[in-house]
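Heads up: the structure comes next, in structure tokens.
Please treat every number below as a calculation from the coordinates, not as lab data. All values derive from a computational prediction rather than experimental measurement. Positions of Cβ are backbone-derived with ideal geometry, glycine not excepted, and every protein chain shown enters the neighbour counts.
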Amino acid sequence: MTAQENNAVIRREDYQPPLYRITDVALNVHLDPENTEVEARLHFQRLGSEPVSALHLDGESLELLSVLRDGQPLAENLFRSDATGLTLLNPEPEFLLETRVRIHPAANSTLSGLYFAGGQFLTQCEAEGFRRITYYLDRPDCLAKFTVTLHASRKTCPVLLANGNCIAQGDEDNNWHWARWEDPYPKPAYLFAMVAGDLAVQRDVFVTQSGRSVALEIYVAARDLGACDQAMVSLKRAMRWDEEVYGREYDLDRYMIVATDSFNMGAMENKGLNIFNSKYVLASPETATDTDYQGVESVIAHEYFHNWTGNRVTLRDWFQLSLKEGLTVFRDQEFSADMNSRGVQRIGDVRRLRAAQFPEDAGPLAHPVRPDAYSEINNFYTATVYEKGAELVRMIHTLLGKEGFRRGTDLYFERHDGHAVTIEDFVEAMEDANHYDLSRFRRWYSQAGTPQVKAEGSYDPARRSYTLTLQQFTPATPGQSNKEPVPVPVRMALLNTQGEKAVLDKTGATEKVILLEQARQSWTFEDLPDPVIPSLLRGFSAPVRLDIALDEQARSFLAGVDDDPFNRWESTQELALKSLLAGVKNHQELEALPAALEQALSATLKQSQMDPAFRAELLTLPSEDYIGEQMQVIAVDAIHQARETLLDTIGAHFHDEWLGLYQDLAGAYERDGASIGRRRLRNMALSYLIHSDHSRHEDMTLHARQQYVQADNMTDRLAAFQLLVQHPKHDAEDILLDFYQKWQDYPLVIDKWFAIQAMAPRPDTLRHVQHLLVHPAFDWRVPNRVRAVLGAFSMNPTMFHAADGSGYVFFAEQIRRLDDINPQTAARLATPLSRWQRYDKVRQQGMMNALQLLAAKTNLSRDLAEVIQRSYP
Ligand code: PHE
Ligand code: ZN
């Protein structure tokens, strides 16, 4: 099949409500790795009054064994079955359909539908996996009550789980047993789940605000039982937080989480039975870094929050995906901000947005937060739908205020509980609860591209006033050449020469949100006795690129005094960025530390009472990718060289300070925020110390070696390991071997071992990566492992983009292979190739060749075909 043939486009404007409703579903599943039989009893009711000539039920990779209607075999002329499903001809207004199908879980390497991996049966139904289990109206606006009976061998599958409550269980012949589960809440098929296997469980109880006890159960392999505490604690905090902040209580008597090593994404919010990538469940100090711990906290919370934003109120169609994802990401970001440091959280959120979403929005895969068309919905689980979607919700929160936003969500839940709705319904609830007009705001959902906001300000000493002019412009994106202005909430303050916030209006406010709605607007602030410096887009109040003409002096002033943590960080970043961009032209310029940057860094180094995590943020240089984003043509090697030079210079310039920090910040392992920040800053000091080597005659890697050996936790051990393995000059074969031997039984740790090698900025990296693919621990069927090698390699700024094109060819060959095993993951991994326009002519050609190599593949999946097709101009 060619890229075109396999790519039927589905459009948002073509939405049609379903012809029938399914009131009840009863499944009877006989679980066997090779041949599983699924019996489905579906009760259909016609929705309209008109006769229906054909009712199509989705079905994929199903072997049809029998089909009965109202208890009688269905005559051959009353149905058709093909590769897309089962079509019932002239169906009655109401009938009971009974089908029996055979499926093959062990052979299912796509990890969509029912699959057998690591000795367990698992399902993944979002977005369209349920049709790989049985014939169904597999669409999110079809809500039904499910009863599921699982049958399996008692020996291999002592645990049998599905959504809702276990209502009966028993034994059967041949050492098999069964369990029946009933979910009282009607749900779309994408929230269906079942699990069977040999699992251990960690239990706890949560008492809701109304006094109901909820059993909490985390299912993992027996040897991982000791690594569930972070997940359990995070779950209980998330449950409490949703009660306190949104008034939302959990609705079932039990909440189950199952961990698996074989999963395409992070986790899945199936009703009452979440299935998680083990990366977001398991954490122990010896095996997980502080970042991993935070990942567990936020993903556990994210999936829990879906119970209201996604499950109780669900989606009408997949174009509305951001209705649940954008809102739920916003909720999990706010939860994490409340649990940790708000400022540091926001910096991390924006860093992720800029690293993933801005490039997506500027390239051929750009699409609106509410897309208009897709050919494979799995390709739309993107940074735009998730991260930009969350930014839109955040802007609504900013515009309406905390209380107004809460009024809006209250009304949203009141109106739509139990229904499948649209983004429009959400926006309307926000409007109606606040009598606020969001009509222009809707453009944010329909327009792709990152708006650019240009700011100019001037102080008039005669009038004692400051005038700020903002202009906006959104570049064209595929299929959208004309953009309208969008409302941009700009949180702002004006700082006087003492660094104090000036009074902005008669109410005495020193900070406010101004709304840029037109292409160009001006604001004048009166009664300002002294010149002021603007602090704009505080807290990153809108997902835009802000271009503000501030000289170095003003930037370095803001870097020292701005009381908005995000903006303070941003000012330091901007100073570093400016130096780096100059250094890209001539890296020798960075052999001495630029004065303004020196001033900002040295001020931060002196602030010993500042939160160490925030201090570490201020001392982190922009990534190579972010520097590249600012350039017309990404100068791969010059960027790397400039950044390395600046790291060396900062390392050497502040050598004594780094050494001091490294020594002072040593301390016993604790899990509180202060200790996490301390480790972060100390490991950053270690990295700069190693960078200080070149100008000194000491070998600072000795500190790293010592830390690697002595560390009592994975954060410190991995930081040292990474510095040693990625060092461009030293070899670390012994460390690589030692690490592998120590952790070979811990897949999540071995993923790090793979990824750090694949990301090394060393000339021999490609050769190493080729070896990693034939390493006994490499497994094409485990997405975490594939991402650890191929995903990590594609993020290696210099080696993936090696000028001779070797990285691209190698990569394309591997994606081609992966496409036959796991198309979803293959398509997702291929997206970096879409950014070819950003590189020089030689690299462009290399990336195009790689795309062509993929396009020519036989049996190209719909997933990968769509990514390739959209990647061309
Ligand atoms: N809905 C999941 C989440 O965001 C993501 C997911 C999508 C998982 C598709 C699996 C498959 O939380
Ligand atoms: Zn989600």
Worksheet entry | Q844-K454 FRET efficiency (beta carbon distance; Förster radius 35 Å; 0.05 resolution) | 0.75
Worksheet entry | Helix-derived mean residue ellipticity, 222 nm - over the chain, DSSP H n ≥ 4, -39500 (n - 2.57), to 500 | -11500 deg cm²/dmol
Worksheet item: Once the Cβ-Cβ distance between L65 and Q607 is put in as r, and R0 is 45 Å, what FRET efficiency do you end up with, to the nearest 0.05?
Response: 0.05
Item to complete: Taking a cut-off of 16 Å between Cα atoms, list the lysines near K512, but don't count ones fewer than 8 places away on the same chain.
Response: K402, K501
Worksheet entry | Extension gain, R100 back to S465 (0.36 nm per residue minus Cα-Cα distance, nm) | 123.7 nm
Fill in: Distance from segment 159-200 to segment 5-76 (C-alpha centre basis), Å
21
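Please state the charge dipole magnitude for segment 735-873, taken about the Cα centre, from unit charges on C-beta atoms (+1 on K and R, -1 on D and E), reported in debye and rounded to the nearest 20.
300
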Worksheet item: Considering only Cα-Cα distances, which of the following residue pairs are longer than 32 Å: K454/K729; K155/K271; K483/K578?
Response: K454/K729
Practice prompt. Extending each Cα 7 Å along its Cβ direction at D204 and T507, get the distance between those two points in nm, one decimal.
Written response: 4.1
Practice prompt. Distance between Cα centroids, segment 647-679 to segment 458-507: provide it in whole Å.
Written response: 38
Worksheet entry | Simple Cβ-charge dipole of the chain, Lys/Arg +1 and Asp/Glu -1, about Cα centre, in debye nearest 20 | 720
Practice prompt. Subtract the Cα-Cα distance of D173 and D417 from 0.36 nm times their separation in residues, and report this length gain in nm to one decimal.
Written response: 83.5 nm
Worksheet, complete the sentence: Here, E517 and Q706, labelled 7 Å along Cα→Cβ, have an inter-label distance in nm of 6.3
Worksheet item: Can you work out the FRET efficiency for the pair N90 and E249, with r the C-beta to C-beta distance and R0 = 60 Å, to the nearest 0.05?
Response: 0.85
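Taking Cα pairs under 8 Å and at least six residues apart, what relative contact order does the chain come out at, in percent?
9
What does the C-alpha gyration tensor say about the overall shape of the chain? Classify as rounded when a/c is under 1.5, otherwise prolate if a/b is larger than b/c, or oblate. Before the final figure, lay out each step's value.
Numbers: a/c = 1.71, a/b = 1.40, b/c = 1.22.
Note, shape of the chain comes out prolate.
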Discussion item. Given the options G343, L400, P485, identify the residue whose Cα lies farthest towards the positive end of the charge dipole of the chain (+1 on Cβ of Lys, Arg; -1 on Cβ of Asp, Glu).
Written reply: P485
Fill in: Residues K585, K752, sorted so that the one with the fewest Cβ neighbours within 10 Å comes first
K585, K752
Discussion item. Once you keep just the Cα pairs under 8 angstrom separated by 6 or more residues, what percentage relative contact order results for segment 620-699?
Written reply: 34
Practice prompt. On a C-alpha basis, how far is the centre of segment 250-276 from the centre of segment 692-730 in Å? Whole number, if you could?
Written response: 38
Discussion item. 7 Å from Cα along Cα→Cβ at both Q744 and R212: what's the point-to-point distance in nm?
Written reply: 4.9
Practice prompt. Taking the Cβ of D738 as the centre, find all other residues whose Cβ is under 12 Å away and add up their charges (Lys, Arg: +1; Asp, Glu: -1).
Written response: +1
